[in-house]
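J.: First, the structure itself, so that you have it in front of you.
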Amino acid sequence: MRLDRFIENTLSYSAQTVRHLFAERKIFLNGIAVDKGRHQISAFCRVEVEGNSLQARTPAYLMMNKPKGCVSATSDIKNMTALDLIDLPNKNDLHLAGRLDFNSTGLLLLTNDGTWSRKITQPQQKTPKTYWVETLDEITAEYASKFSAGMYFRFENLTTLPAELKILSTNTAEITIYEGRYHQIKRMFGFFQNEVIALHRLSMGKIELDPNLLAGEYRNLTEVEISSV
């Protein structure tokens, strides 16, 4: 939105009044006095008018090691949510950039920057997401071949994008997918009638889960991690 329109809407000032404020250099944008209203501002620009702050929102980007039995949501009347684990001011401004199932664990991203979160979650971005998976029965080379070819989901009438499977042991593997269909990994293993008993997200794009984070712990993303999206 244009700066002048933002001020008019927020303070219910007339356009003429706002023009006078600009002329008197009583409007500051990110700490700098400005004399024109044509500047385009985002939700994270600091706007001050006559010494009063109209907007001083700071962007926030967090990673959490989501524990089992925690809902990937900002509110839930029955269960503990990811937001319940966070002890920060303005935490209610946060939303999830990608979800995990109730019993799945690992990397969860939270932010108040909708533009940033859309970049990492929109299907057309084809962001790689890597998981560690443990299954009830043996994982064979046939799985890797089937996953890489794409798998047909009858309910949605679509074929998944090729996925990469690296077998680690008889019952464990790393799998990388490039979309986020409903219960996608569990359904892919379900094709072989093999139950997934543990699922842990390791990375999204270039952002990897910090190995020092215990279950339920979180930290701010680094500048490198933020700019990787």
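The values are calculated or read from the model by the stated rules, or taken from the named source; none is laboratory data. Nothing here was measured: the structure is a model prediction, and the numbers come from that model. Quick reminder, even Gly has a Cβ in these numbers, built from the backbone with ideal geometry, and neighbours come from all protein chains shown.
J.: Going through THR58, THR10, THR81 one at a time, which residue ends up being modelled with pLDDT of 90 or more and among the hydroxyl-bearing types (Ser, Thr, Tyr)?
T.: Unique residue meeting the criteria: THR81.
J.: Please indicate, with yes or no, whether at least one residue in the range 23-31 is touching a residue at least 12 places away in the same chain (Cβ under 8 Å), part of a loop (DSSP other than H, G, I, E, B) and not charged (D, E, K, R). Talk me through it step by step, then tell me what you get.
T.: First pass over the range 23-31, keeping only residues touching a residue at least 12 places away in the same chain (Cβ under 8 Å): 23, 26-31.
Filter again for part of a loop (DSSP other than H, G, I, E, B), leaving 26, 30-31.
Still in the running and not charged (D, E, K, R): 30-31.
Yes, the range 23-31 contains at least one residue that is touching a residue at least 12 places away in the same chain (Cβ under 8 Å), part of a loop (DSSP other than H, G, I, E, B) and not charged (D, E, K, R).
J.: Please state which one of PHE6, PHE44 is over 21 Å from the mean Cα position of the chain (by Cα) and surrounded by 12 or more Cβ atoms within 10 Å (Cβ to Cβ).
T.: PHE6
Here is a yes/no grid of residues against (1) part of a helix (DSSP H, G or I); (2) in contact with a strand residue (DSSP E or B) (Cβ under 6 Å, 6 or more places away or on another chain); (3) not assigned by TED's automatic domain parsing to the domain that holds GLY216:
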{"residue": "LYS68", "(1), (2), (3)": "no, yes, no"}
{"residue": "LYS78", "(1), (2), (3)": "no, no, no"}
{"residue": "LEU88", "(1), (2), (3)": "no, no, no"}
{"residue": "ARG99", "(1), (2), (3)": "no, no, no"}
{"residue": "LEU107", "(1), (2), (3)": "no, yes, no"}
{"residue": "LEU110", "(1), (2), (3)": "no, yes, no"}
{"residue": "THR115", "(1), (2), (3)": "yes, no, no"}
{"residue": "ARG118", "(1), (2), (3)": "yes, no, no"}
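J.: Taking the condition of being without any contact (Cβ under 8 Å) to a residue 60 or more places away in the chain and in contact with a Leu (Cβ under 8 Å, 6 or more places away or on another chain), how many residues in the range 194-216 meet it?
T.: Residues that pass the stated criteria total 1.
J.: If you go through the range 163-179 one residue at a time, how many are touching a helix residue (DSSP H, G or I) at 6+ places or on another chain (Cβ under 8 Å) and either modelled with pLDDT under 95 or among the β-branched types (Val, Ile, Thr) (or both)?
T.: Number of matching residues: 4.
J.: For ASP137, state whether it is out of contact with any strand residue (DSSP E or B) (no Cβ under 6 Å at 6 or more places or on another chain) and over 30 Å from PHE44 (Cβ atoms).
T.: For ASP137, the condition - out of contact with any strand residue (DSSP E or B) (no Cβ under 6 Å at 6 or more places or on another chain) and over 30 Å from PHE44 (Cβ atoms) - is met.
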